[in-house]
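Take a look at the structure below.
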Number of protein chains: 2
Amino acid sequence: MVNKDSYIGKILRVDLTRGKLKTEILEENLYRKYLGGSSLAGYFLLNELKKGIDPLSPENMLVFTCSVITGTPVPGASRFTVAAKSPLTGAFAEAEAGGWWAPELKWAGYDAIIIKGVSPKPVYIWIHNNKVELRHAGHLTGKTTGEVEHIIRDELKDNNIRIAQIGPAGEKMVRYSCITNECKHFNGRVGLGAVMGSKKLRAIAVKATSKNHYADPERIKEITKEFASKWKETSQGLYDYGTAGGVLGLNEKGILPTRNFQEGQFEGAEAISGVTMADTILVNRGHCYACPIRCKREVKVEGIYDVEPYYGGPEYETIGSLGSLCGIDSLEAIAKGNELCNKYGLDTISTGTTIAFAMECFEEEIIDKNDTNGIDLKFGNADAMLEMIEKIKNLDGIGAILARGVAYTAKEFGPRAEKFAMHVKGEECPMHEPRGKIGVGLQYAISPTGADHMEAPHDLSFTDYGLPLDSVKPLGLIEPIDAHDLSSKKVRFFSYTQKIYSLCNSIGMCQFIGAPMGALSLKNIVDLTNAVTGWNTSLFELIKVAEKSNTMARCFNLREGLSSKDDKLPDRFFEAFTSGPLKDKAINRQEFDTAVKTYYAMEGWDENGVPTKAKLAELDLDWIEF
Amino acid sequence: MVNKDSYIGKILRVDLTRGKLKTEILEENLYRKYLGGSSLAGYFLLNELKKGIDPLSPENMLVFTCSVITGTPVPGASRFTVAAKSPLTGAFAEAEAGGWWAPELKWAGYDAIIIKGVSPKPVYIWIHNNKVELRHAGHLTGKTTGEVEHIIRDELKDNNIRIAQIGPAGEKMVRYSCITNECKHFNGRVGLGAVMGSKKLRAIAVKATSKNHYADPERIKEITKEFASKWKETSQGLYDYGTAGGVLGLNEKGILPTRNFQEGQFEGAEAISGVTMADTILVNRGHCYACPIRCKREVKVEGIYDVEPYYGGPEYETIGSLGSLCGIDSLEAIAKGNELCNKYGLDTISTGTTIAFAMECFEEEIIDKNDTNGIDLKFGNADAMLEMIEKIKNLDGIGAILARGVAYTAKEFGPRAEKFAMHVKGEECPMHEPRGKIGVGLQYAISPTGADHMEAPHDLSFTDYGLPLDSVKPLGLIEPIDAHDLSSKKVRFFSYTQKIYSLCNSIGMCQFIGAPMGALSLKNIVDLTNAVTGWNTSLFELIKVAEKSNTMARCFNLREGLSSKDDKLPDRFFEAFTSGPLKDKAINRQEFDTAVKTYYAMEGWDENGVPTKAKLAELDLDWIEF
């Protein structure tokens, strides 16, 4: 049941080993200090997780966190965080997803779920307002995500139950398996699905019958109206073409990752673009709770590749990773790959980047058909890509190696393979090319989770693409900056805008809607927070939460033994393209290292990237020990 | 003439040596980066002043700066900054005053006046909208501030002309002479009057016939209305008793500076309190442009001490410095001393602290009647205090020494005197006792100008005095803090709230009206800035301006040879009181030094208090060389 007097819900604690459930209420100051999402998850992990544990052991924790604004009818406020120690990187793991699950959880009266231990048998959690049960899930084992969704809804006799779950890949603890809700929204990265799988927890099903109390509901309505009047200006392209709308522009600029980042232009770009998708296989536009932008795709393919719209359609990241990165120009094959990943609960980015890596190793004759069970694993071979997805999910043959990610696989394949392993801290690179938008390089190197594209906006956004600089002016970023600039001005730009993405990850706000790319201004987000909570918060205070979040994740990693040595990019990004618009545009390694050190100093970290005691005190984080 | 299309005015540049005037227009981004006030003044000084110059030479600059919001009809937005290199400290000098002068200057179309060189003969500047003249001022020399006000208004035939001027003390370059407007509002500290005197510039008279253009005049009206509905809650005491309302509360807590900071309670406190003033000599309540709080006093005394209301009445600082600090319990004598200082253009704080120092030296027999021209310079001797003011103004006998301030005088009096010299960096301590509100100690030690009480709010405000913590919650300061706490939590509290005072000094907002003490919230200040400029600024961006301002002043001082060694307190504050509520409450020197170092680190300064290159870049200040 919802707490009718406040935006504050309960924390559900689940001890799977003992099958015990309990709830607690946090004091309000903790909400003001951490808001929710990745920040609150970081708080729980730093306080309750022992250092050095095996991520797939019962000692790991799996934390689901909403935020104070989750579930408000404001578009974008539907996101939640899942966090743990990553089985892919051994570092801090957090990933966000939109959809419907988090609002439902919040309306049911819960702000977070903290899961510990391991269940003796497969289970799922069933939350129905104040009632929480652990239910047997043995009959779900091996089933696809779609099947499980149907079975749970049938057995609980309610088609509107919201379900966050892993797929069979998570059950098998593929190191980059994900958590999905509605089979179309993903806490995608760094293997949170494997952690959930290791705990024998297949799903968390939620149903609420009430909504939350807000301090100023009228103000919330006004913000929603303001959004409604503005979103078409900022986000029409997302409606029309989804995130895949970017394919052609990136290709033109020479930064569409192609054939495992060997190139930045793909001859098949047009065939796999968002425009082509809209013109061919698109049957519907999906969306998250309360959002009119409908950036999600639903595609249907019949013929060689049968693709059901139930599993959505490929995002830009998926088109890149299963498409251009693998040299594949068949949109239908990519859609099929996307469907398989979503059915099985595999992160499409890591899946694609791992397969592309294997393809390059195959072409370089580091591996051969003896290793691939006879599959001709060449760039451009769509069927090989699809077969690899099956093998990864089944831990079959080479799939059992690939299922552990690029970094592990490179070690297995031997020293010649290392240079093709496109990852940072063990997380596979997503579909953004640092050589053409260098702030992305800083982001990959510095992000606590590894090569993550959701930790900062891309500097290109404020230059060539002409996105509104206005959106970041409240940060004092009042002058445009070149995408290739790697001076301290770029580091400043990165440091400030990174905080906005980090804020979005803590407050559960979609980065396409919250600043800097979306229709909601930073002021809207401050106002929304106040309208929900009755606080008098400011952008200053919210950015300090973002800074806390980053700093907690950093401290987590330091405690786990990571260091500044891990804040690096794959060698390939320091080598120039041999063709295309960015021919000869390598990143200068010395400039890059200087920029990383400058970033440390800007954050109040020492030259080894360790937050100073004074910085921890300034952020009210002096309770952290590492 | 006012620029009717924008809030942006002109910069008036005055070369007194050549008698040349010119104007220029700054690009808008400079306003967004620096706002005005002390920040914009710091920008001009760092860019245009050579290092190592003699502050009283033609090489010094004198900069008057309004801000973007100056002259709006919002109470508190009437303040302006004067800045230069200080002849008292050799460091960065800046001081703010309210009144009517700055709005008039702004309406006349000027945002700043930059004065260089020295005039061959005494002059004053006459600004009448677009017309600017240098006029002879030989006939004003030696006249009191009140006389000069009358003479100028008479000769320019307008009784509504606003005049910022020095008095005879400024002409004689007393090192703590001030600049005054309306004879009741003072850019008081660190000797800006002496710099103006050194340039033979007696006054700047201004008359405007128009007002400014604002982006959103309706929003400005709303903010004014909101203020009108709230100010009695926060500021009734200031209306009733002026700043002197604090005398009794401070005395009760044992932190009313008494007999040169030897004690914290004064037996004559009641006699000199704001309540007694209201009950006896108060004849009117004065105010700044557009402000209903009327915190200014106007007093009339007849009898032994004749005091004219024309020169206002004593502030708390004056009651402390000419009263309890000198052991004087005659409110009438204090009022007379106040009148003399205001007539002559002397900063009452430095005047009082210097006299109190001399009194202690007299009682300790470091000096005697041979030095004082026969005056019995004992604590409690009101007539001696008044005679000293005359001697200081006239550079007469011991007055010629005292006119150079406590630090200089202590050197003249010899080593035994040093321990009684209550100053930081050469600026005399104001009437706030660090032993009872320890954040004030940090403020004194760290402020670029020396012992200044207008650089940060007093931590006591958020504890024992019960002022609303709500006002600083937008900074994330959501938990109260003890006035004696000297942990890193206090440093954080100090560092954040200091930025608000610094913001007030840059945006020309009264600290009694802007947060944290006043009726305007931090949000109001952000909104006001946007309503004037049409920007979408935030508290984050405004606080970064404040940080810039502090950092520029720091860099100025480093360039002038100051170092972390100068960030210290007088020894007396490390010794306990021997009686009173704070008996045995000395500041722990080691804890204090640690707190200063912690502050450096929080600011992004190295352990020597030098801003790092990364910090300068983060603040967009990488143009600074020092």
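The values are calculated or read from the model by the stated rules, or taken from the named source; none is laboratory data. Predicted, not measured: the structure shown is a model, and the values here were computed from it. FYI the Cβ positions are ideal-geometry reconstructions off the backbone, even for glycines, and counts take in every protein chain you see. Calculation scope for accessible area: heavy atoms of the full protein, side chains included, ligands and nucleic acids excluded. Shrake-Rupley method; radii C 1.70, N 1.55, O 1.52, S 1.80 Å.
Heavy atoms of chains B and A lose about 2900 Å² of accessible surface on contact, summed over both sides with a 1.4 Å probe. Chain B comes nearest to the axis taking it onto chain A at the Cβ of one residue; that residue and its distance, in whole Å, are B:Phe540, 2. Taking 12 Å as the straight-line reach from the Cα of B:Lys425, the aspartates and glutamates in range (excluding those fewer than 8 positions away in the same chain) are B:Asp452, B:Asp566, B:Asp567.
Counting Cβ atoms of other protein chains within 10 Å of each Cβ in B:533-545 and taking the mean gives 6. In this structure the amide hydrogen of B:Val424, modeled in the peptide plane, comes within under 5 Å of the amide hydrogens of B:Cys429, B:Ala451, none closer than 5 places in sequence on its chain. With each label modelled as a point 7 angstrom along the Cα→C-beta vector, the B:Arg589-B:Asp376 pair spans 3.8 nm. Is the shape of chain B rounded, prolate or oblate, going by the alpha carbon gyration tensor and its root eigenvalues a ≥ b ≥ c, with a/c under 1.5 for rounded and a/b larger than b/c for prolate? Judged from the Cα gyration tensor, chain B comes out rounded (a/c under 1.5). Longest stretch of chain B clear of exposed loop sites (GluC sites (Glu not before Pro), DSSP loop, at most 15 other Cβ atoms within 10 Å, sites excluded): B:366-574.
Residues of segment A:26-67 buried by at least 20 Å² of accessible area upon assembly of all protein chains, compared with the chain on its own (1.4 Å probe): A:Asn29, A:Arg32, A:Lys33.
For segment A:246-413, the number of Lys pairs with C-alpha atoms closer than 18 Å, counting only pairs eight or more positions apart or on separate chains, is 11.
Does segment B:1-63 come out rounded, prolate or oblate by the C-alpha gyration tensor, with a ≥ b ≥ c the root eigenvalues, rounded set by a/c under 1.5 and, if not, prolate when a/b is larger than b/c and oblate if not? Since a/c reaches 1.5 but b/c is at least a/b, the shape of segment B:1-63 is classed as oblate. The calculated FRET efficiency for A:Asn47 paired with B:Ser487, based on their beta-carbon distance and R0 = 22 Å, is about 0.60. Each residue, B:Asn29 and B:Ala576, gets one label point 7 Å from its Cα in the Cβ direction; the gap between the two is 5.8 nm.
Other chains' Cβ within 10 Å of B:592-601 residues: what's the mean? Mean number of neighbouring Cβ atoms from other chains: 2.
Counting lysine pairs in segment A:5-109 that sit 8 or more residues apart in sequence, or on different chains, and whose Cα atoms lie under 26 Å apart gives 22. Helical content of the protein assembly as shown, expressed as a calculated mean residue ellipticity at 222 nm, amounts to -11000 deg cm²/dmol (DSSP H runs of 4 or more residues, -39,500 (n - 2.57) each, divided by residue number, nearest 500). Placing +1 on the Cβ of every Lys and Arg and -1 on the Cβ of every Asp and Glu, with nothing else charged, gives segment A:216-286 a dipole about its Cα centre of roughly 160 debye. Each copy carries B:Asn373; placing its label point 7 Å along the C-beta direction from Cα gives inter-copy distances of 10.6 nm, listed from smallest up. Less than 5 angstrom separates the built amide H of B:Val299 from those of B:Val283, B:Gly312, B:Gly313, all sequence-distant by 5 or more or on a different chain.
In segment A:4-207, the DSSP beta bridges split such that about 75 percent are antiparallel, to the nearest 5. Residues of segment A:477-525 whose accessible area (probe 1.4 Å, heavy atoms of protein chains only) drops by at least 40 Å² once all protein chains are present, relative to their chain alone: A:Ile478, A:Glu479, A:Lys489, A:Arg492, A:Tyr496. Taking every DSSP beta bridge that has both ends in the protein assembly as shown, the antiparallel portion is near 75%.
Out of every Cα pair in the protein assembly as shown, what percent are spaced more than 56 Å from each other? Summing the P(r) of the protein assembly as shown above 56 Å gives 27 percent of all pairs. The apolar share of the surface of the protein assembly as shown, taken as the fraction of accessible area on carbon and sulfur atoms (1.4 Å probe, ligands and nucleic acids excluded), comes to 48 percent. Between copies, the label points of A:Glu270, set 7 Å from Cα on the Cα→Cβ line, lie 9.5 nm apart, reported in increasing order to one decimal in nanometres. Between copies, A:Lys565 shows label-point distances of 4.2 nm, shortest first, with the point placed 7 angstrom from Cα along Cα to C-beta. What's the longest piece of chain A with no exposed trypsin sites (Lys or Arg not before Pro), counting a site as exposed if DSSP puts it in a loop and it has at most 13 other beta carbons within 10 Å? Between exposed loop sites, the widest span is A:379-626. Summarising the amide proton neighbourhood of A:Leu346: residues at separation of 5 or more, or on other chains, whose placed amide H is nearer than 5 Å comprise A:Cys178. The mean accessible area for residues of segment A:438-618, using a 1.4 Å probe and ignoring ligands and nucleic acids, is 29 Å² per residue. Need one word for segment A:4-207: rounded, prolate or oblate. Basis is the Cα gyration tensor (sqrt eigenvalues a ≥ b ≥ c); a/c below 1.5 gives rounded, then a/b vs b/c decides. Judged from the Cα gyration tensor, segment A:4-207 comes out rounded (a/c under 1.5). In this Cβ point-charge picture (+1 for Lys and Arg, -1 for Asp and Glu), the protein assembly as shown has a dipole of about 840 debye about its Cα centre. For a straight C-alpha distance cut-off of 19 angstrom, the lysines reachable from B:Lys225 (same-chain residues fewer than eight places away being disregarded) are B:Lys523. Look at the stretch B:609-621: the mean tally of other chain Cβ atoms within 10 Å of its residues' Cβ atoms is 4.
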